[in-house]
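Chemist: I am attaching a structure below and will ask some questions about it afterwards.
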Amino acid sequence: MKLNSTLLAAAALAALGLAAGAARADITGSIMLDGKAPEMKEIDMSGVKECAAQHPDPVSEEMVVVDDKGGLKNVIVALKPDDVGALGAIEAPKEAAVLDQKGCQYVPHVLAVMVGQDLMIKNDDPFLHNVHSLAQTNPSFNFGQPNKDQGKKVDPMKAAEQFKVKCDVHPWMGAYIAVFEHPFFAVSGDDGKFTIKGNPPDGDYTVTAWHEKYGNQEGKVTVKDGKGTVDFKFKAEGATGPIDNPGMPRLARNGGGDGGATVKTVSSEKSMTCCGGCTEETKANTKVAATK
């Protein structure tokens, strides 16, 4: 009887462990730049002494940020399901997304949020900034923050869209916000790696990856037991150039992760809408690595 109780207890603990593992399941991957990264221009803050005083060393633009191994920062990666409803019951993260102004720069340079998620705008600088969103579908905002501000809440985003935020006081300041209809998205870090947290249903998905200079890529991936791995590679010479138009190409309903046992290369199209309405298409190779 005692042995049976012990076995039952062990089985229960094992089941709990498996459940906890599933809850922690993530879709991971990396973004690499194939080729030499372009040299970023230094930002000239000399005309605004308050800004210049905060940077003893030169500050470069953040359009292309690459580490010594080729990892590409600030790439938005997200699932692109055919039907968002197929992802199950989803709700907006309870933690607010935060866009800060620090040292006369937006931090982070690229921010991803979910429809309905709180969005806070902070000012860590003891002087005036103006926060001006160029959203077309979502509620736009345009206001000044004359001093340090721990956070001003703006109206929640209502639809999938991607748009730029600028500062009308300091013209070099710019950030990008991408809005999704689900929580399965991430932004690549300093080393080009990303983690899409959560536990999407098992299945095949499309994954999108967007970079402000190198455009869009799509890859196919299989999620198994909530886990998946997908890697993208952007070609340095294939840049579409900076995109500053208010109507940024929309990252509509997104999806993707991976979890099979094969490694394959998927040919994908990259398309960007330019300021004047032109369209450029280039082919890119997306490496999809599946892990059990």
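The values are calculated or read from the model by the stated rules, or taken from the named source; none is laboratory data. Being a predicted model, the structure only gives us computed values, none of them experimental. Because the Cβ atoms are built from the backbone with ideal geometry, glycine has one as well, and the counts that use them run over all protein chains shown.
Chemist: Please go through (1) closer than 22 Å to Ser188 by Cα; (2) modelled with pLDDT of 95 or more for Asn138 and return the number of the only condition it doesn't satisfy.
Modeler: (1) is the only condition that Asn138 fails.
Chemist: Against the definition (in contact with a Cys (Cβ under 8 Å, 6 or more places away or on another chain) and either in a loop (DSSP other than H, G, I, E, B) or modelled with pLDDT under 95 (or both)), how does Met45 come out, yes or no? Talk me through it step by step, then tell me what you get.
Modeler: Working: in contact with a Cys (Cβ under 8 Å, 6 or more places away or on another chain): yes; either in a loop (DSSP other than H, G, I, E, B) or modelled with pLDDT under 95 (or both): yes.
Yes, satisfied.
Chemist: So which of Ile31, Ile27 ends up being surrounded by 17 or more Cβ atoms within 10 Å (Cβ to Cβ), at pLDDT below 95, at negative phi and of a type in the set (A, V, I, L, M)? Steps first, please.
Modeler: Working: Ile31 fails: at pLDDT below 95.
Unique residue meeting the criteria: Ile27.
Chemist: Taking region 81-120, which residues are surrounded by 20 or more Cβ atoms within 10 Å (Cβ to Cβ) and assigned to a loop (DSSP other than H, G, I, E, B)?
Modeler: Those that are surrounded by 20 or more Cβ atoms within 10 Å (Cβ to Cβ) and assigned to a loop (DSSP other than H, G, I, E, B): Pro81, Cys104.
Chemist: Name the single residue, out of those in region 142-156 being in contact with a Lys or Arg (Cβ under 9 Å, 6 or more places away or on another chain) and under 12 Å from Ile121 (Cβ atoms), that is surrounded by the fewest Cβ atoms within 10 Å (Cβ to Cβ).
Modeler: Here is the first cut: in region 142-156, the residues in contact with a Lys or Arg (Cβ under 9 Å, 6 or more places away or on another chain) are 143, 145, 148-152.
Still in the list and also under 12 Å from Ile121 (Cβ atoms): 143, 145, 149-152.
Numbers: Phe143: 12, Gln145: 20, Asp149: 17, Gln150: 8, Gly151: 15, Lys152: 14.
Ranking the candidates gives Gln150 first.
Chemist: Here is a check on your reading of the model: is Ala236 in contact with a Phe, Trp or Tyr (Cβ under 9 Å, 6 or more places away or on another chain), touching a residue at least 40 places away in the same chain (Cβ under 8 Å) and hydrophobic (A, V, I, L, M, F, W, C)?
Modeler: Values: in contact with a Phe, Trp or Tyr (Cβ under 9 Å, 6 or more places away or on another chain): yes; touching a residue at least 40 places away in the same chain (Cβ under 8 Å): yes; hydrophobic (A, V, I, L, M, F, W, C): yes.
In short, yes.
Chemist: Of the conditions (1) in contact with a helix residue (DSSP H, G or I) (Cβ under 8 Å, 6 or more places away or on another chain); (2) among the small types (Gly, Ala, Ser); (3) more than 24 Å from Ser188 (Cα to Cα), Gly103 fails just one. Which one is it?
Modeler: Evaluating Gly103 over (1) in contact with a helix residue (DSSP H, G or I) (Cβ under 8 Å, 6 or more places away or on another chain); (2) among the small types (Gly, Ala, Ser); (3) more than 24 Å from Ser188 (Cα to Cα) leaves (3) as the failure.
Chemist: Mind checking which pairs have a first residue in region 34-57 that is under 15 Å from Lys102 (Cβ atoms) and a second that is among the basic types (Lys, Arg), Cβ under 9 Å, 6 or more apart or different chains?
Modeler: Gln54/Lys102
Chemist: Search region 215-257 for residues being at positive phi and surrounded by fewer than 21 Cβ atoms within 10 Å (Cβ to Cβ), and hand back the single one that is modelled with the highest pLDDT.
Modeler: Filtering region 215-257 for residues that are at positive phi and surrounded by fewer than 21 Cβ atoms within 10 Å (Cβ to Cβ), the one modelled with the highest pLDDT comes out as Asp225.
Chemist: If you go through region 200-214 one residue at a time, how many are farther than 30 Å from Lys36 by Cα and surrounded by 19 or more Cβ atoms within 10 Å (Cβ to Cβ)?
Modeler: Within region 200-214, the first condition is being farther than 30 Å from Lys36 by Cα, and the residues that meet it are 200-205.
Applying the additional criterion that residues be surrounded by 19 or more Cβ atoms within 10 Å (Cβ to Cβ) yields 200, 205.
Number satisfying all stated conditions: 2.
Chemist: If I ask for residues that are closer than 11 Å to Lys80 by Cβ and among the hydroxyl-bearing types (Ser, Thr, Tyr), which ones from region 206-237 would you list?
Modeler: Hits for region 206-237 are Thr206, Thr208.
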